[in-house]
C-alpha cells in the first residue's frame, strides 16, 4: 500500500501511465470491446486489465495521476452509440462526471463513430480492459503535461 495513492491502480497500469508522454493516448475499454486484438496493435502491444472496476471507477483512479491534455479538444473521447450518435448513456455520463471532477471544470468529451474508434484505438499507447459490462463503456484519453512548480521569484 502506498500513501496518497489510489490502490485501484495496479503496477502494470502505473508503469504504462508513467511511461506515456504528452499527446499519447490510452484506451479504457468495457468487456465487449475487442481489447486483446486491438492491444496487439498499440505501442505496448499487450492488454492491461482493471477487471474489478467499472469504467467510471477506473477513470477516477487513472485521472488521479494522469493529466489530460489541455491543448486539444480531443483530450477525452467516447464511442458513439450506433444509430444514435448524440445519445449519451449512463456509463458515459459517469465517466464525463469523473473527468469534470478531475479537471475541476466541465470538459466535454468528443465522440467517435464506432469503427473510427477501433482504428484510433489501434494507434494508442495502451489498452486497459475494465470489468464494465454496460454497452459503450469505451473511451480514449490523451495525456497532458504537468507544469513545473512556480518558484518564489517567479511568483512575485
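Every number in this text was worked out from the coordinates using simple rules, so none of it is lab data. As the structure is a computational prediction, the values presented were derived from the model and not from experiment. Virtual Cβ from ideal backbone geometry, glycine too; neighbours counted across all protein chains shown.
Would you calculate, for the chain, the mean residue ellipticity at 222 nm contributed by helices, counting each DSSP H stretch of 4 or more residues as -39,500 (n - 2.57) and dividing by all residues, to the nearest 500? Working shown, then result.
Numbers: 6 runs with 50 residues, N = 156.
Counting only the DSSP helices, I get -9000 deg cm²/dmol.
With no solvent and one equal point scatterer placed on each C-alpha of segment 23-156, evaluate the Debye formula and give log10 I(q)/I(0) for q = 0.10, 0.11 Å⁻¹, two decimals. For segment 23-156 at q = 0.10, 0.11 Å⁻¹, log10 I(q)/I(0) is -0.31, -0.38.
With an 8 Å Cα cut-off and a minimum separation of 6 or more residues, compute the relative contact order for the chain in percent. Mind dumping the intermediate values first?
Details: 283 pairs, mean separation 67.9, N = 156.
Dividing the mean separation by the residue count of the chain yields 44 percent.
Need the full-extension length gain, residue 107 to residue 22, defined as separation in residues times 0.36 nm minus the C-alpha distance. One decimal, nm. Don't skip to the end; give the middle numbers.
Numbers: separation 85, 0.36 × 85 = 30.60 nm, distance 1.81 nm.
That pair, residue 107 and residue 22, stretches by 28.8 nm at full extension.
Choose one answer from 102, 19, 120: the residue with the largest mean-square fluctuation in a GNM of the chain with alpha-carbon springs under 10 Å. Of the options given, 19 has the highest mean-square fluctuation. Rg/Rh for segment 62-132 (Cα atoms only, Rh after Kirkwood) is 0.94. Straightening the chain between residue 51 and residue 81 buys 8.5 nm, computed as 0.36 nm per residue apart minus the Cα-Cα spacing.
For segment 104-131, the residues whose amide N sits under 17 Å from a probe point set 7 Å from the Cα of residue 36 along the beta carbon direction are 127-131. Using the Cα coordinates of segment 1-93, the gyration tensor eigenvalues translate into equivalent-ellipsoid semi-axes of 22, 16, 16 Å, sorted from longest to shortest.
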